[in-house]
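Since the structure comes first, as structure tokens, the remarks are kept for the end.
Derivation of every value follows stated rules applied to the coordinates shown; laboratory data play no part. Everything numeric here is computed off the predicted structure, so don't read it as measured data. So basically every Cβ, Gly included, is an ideal-geometry build from the backbone, and we count neighbours across all protein chains shown.
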Amino acid sequence: MDLRPAADDDLPALHGVFLRAVAGVFRPHGFEPPAPRYEAFANQQRHLLATGTTVVAEQEREVRGFGSSWQRDAHWFLGSLFVEPGAQAVGLGTALLDAVWGDAAHRRTITDAIQPVSNALYGRRGLVPSTPLLAFSGRPRRIAAPVEPIDADLAAIDAAAYGFDRAVDHAYWERHARRTTWPGAYSYAFPGGEIGPVAGLDSDAAAQALAAELARAEGEVRVRIPGSARALVEVALRAGLRLGPVPGLLLLSEGLLPPHALAISGYMLF
Ligand SMILES: CC(C)(COP(=O)(O)OP(=O)(O)OC[C@H]1O[C@@H](n2cnc3c(N)ncnc32)[C@H](O)[C@@H]1OP(=O)(O)O)[C@@H](O)C(=O)NCCC(=O)NCCS
């Protein structure tokens, strides 16, 4: 098995590995696996090729697995680790994780709660589940918009909500989604109905931004909220959104606290 940096040409193969690996986690439990369209997957993965580290594992020139991580300041995030079902449990995931591990003081990743293998793999390296990630979807009930758009300081909000700078990611989100700034908060809404990230200087500001974003939604939306961000969970429930059956888990290295003023962008970009 050879490890090498991923290139743009690999993206269709990475998408295939992703779909088969994730189906292997969800289907045995009777859950429908996430199945992002190629373009949506490739857009995010391309952003990681440009701003992070992606490594593929190859056997006889066939991609059998891949891992991606990114680092902003001293903060590292594992965006993907997927191994072809027929190639699992022989050390490939561990080798890919080593290859994208880097050298960072603080680490985070997101897993599926029903996946013991990855949760144990990361747990042994000090990344421990600290809060569930709840997936809400549906057509929001009309709730009053509590705030109007107004300028806001993205860097200050990121420092409060994420704990690190996200300038390069705003460039990506801005290309694919509509950004709105609210008093002490910002939100992104994607054309397909995905909402997030929604981030605030504090939990009230983030919750009001989420409420305002939901109030103007025209159709079905999807938003992922950490359980630790209680005020945002309450907004999603008040708007009548439905909770999906498989929560994610946010894993944190020692000393990091779970977010309280954030609905995340997604599992790859946090
Ligand atoms: C998670 C994944 C990437 C791991 O890759 P892999 O090549 O199968 O993993 P490895 O063989 O390197 O290591 C797995 C380790 O988990 C251990 N493990 C397996 N099941 C376990 C369990 N229930 N509890 C604790 N440890 C467990 C294995 O013993 C092994 O450790 P060891 O090498 O010290 O014996 C791969 O299984 C996969 O792609 N799964 C489907 C997609 C997915 O869930 N990806 C993770 C997204 S967060």
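Some notes on this structure:
- By the count of other C-beta atoms within 10 Å, a proxy for reagent exposure, M1, M268 are ordered fewest to most as M1, M268.
- Helix axis angle, 38-51 relative to the chain longest principal axis, alpha carbon, degrees: 80 degrees
- Cα-based shape type of the stretch 200-265, given that a ≥ b ≥ c are square roots of the gyration tensor eigenvalues and the cut on a/c is 1.5: oblate
- Most fluctuating residue given options A209, A189, A87, as computed from a GNM of the chain linking Cα atoms under 10 Å: A87
- Crossing angle, helix 167-176 versus the chain [Cα axis fit, 0-90 degrees, rounded to tens]: 80 degrees
- The chain: C-alpha gyration tensor shape, a/c 1.5 cut-off, then a/b vs b/c: prolate
- The amide H of A6, built 1.01 Å from its N in the peptide plane, has T54, V55, V56 as neighbours under 5 Å, considering only residues 5 or more places off or on other chains.
- In the chain, the calculated helix contribution to ellipticity at 222 nm averages -9500 deg cm²/dmol per residue, counting -39,500 (n - 2.57) for every DSSP H run with n ≥ 4.
- Each of R125, R72, R107 has some number of other Cβ atoms within 10 Å of its Cβ, and from fewest to most they run R125, R72, R107.
- Positive-end ranking of V147, H15, G184 along the dipole of the chain, with charges on Cβ about the Cα centre, is headed by V147.
- Seen against the Cα atoms of the chain and their longest principal axis, helix 11-26 is set at about 80 degrees.
- A simple charge model with +1 on the Cβ of Lys and Arg, -1 on the Cβ of Asp and Glu and nothing else charged puts the dipole of the chain at about 740 debye relative to its Cα centre.
- In terms of its C-alpha gyration tensor, the stretch 1-139 has a rounded overall shape, because the principal axis ratio a/c (a ≥ b ≥ c, square roots of the eigenvalues) stays below 1.5.
- Peptide packing: for 164-177, 219-232, the average count of neighbouring Cβ atoms within 10 Å per residue gives the ranking 219-232, 164-177, highest mean first.
- Percentage, to the nearest whole number, of Cα pairs in the stretch 85-173 over 18 Å apart: 68 percent
- Least to most buried among I264, I143 (fewest other Cβ within 10 Å first): I143, I264
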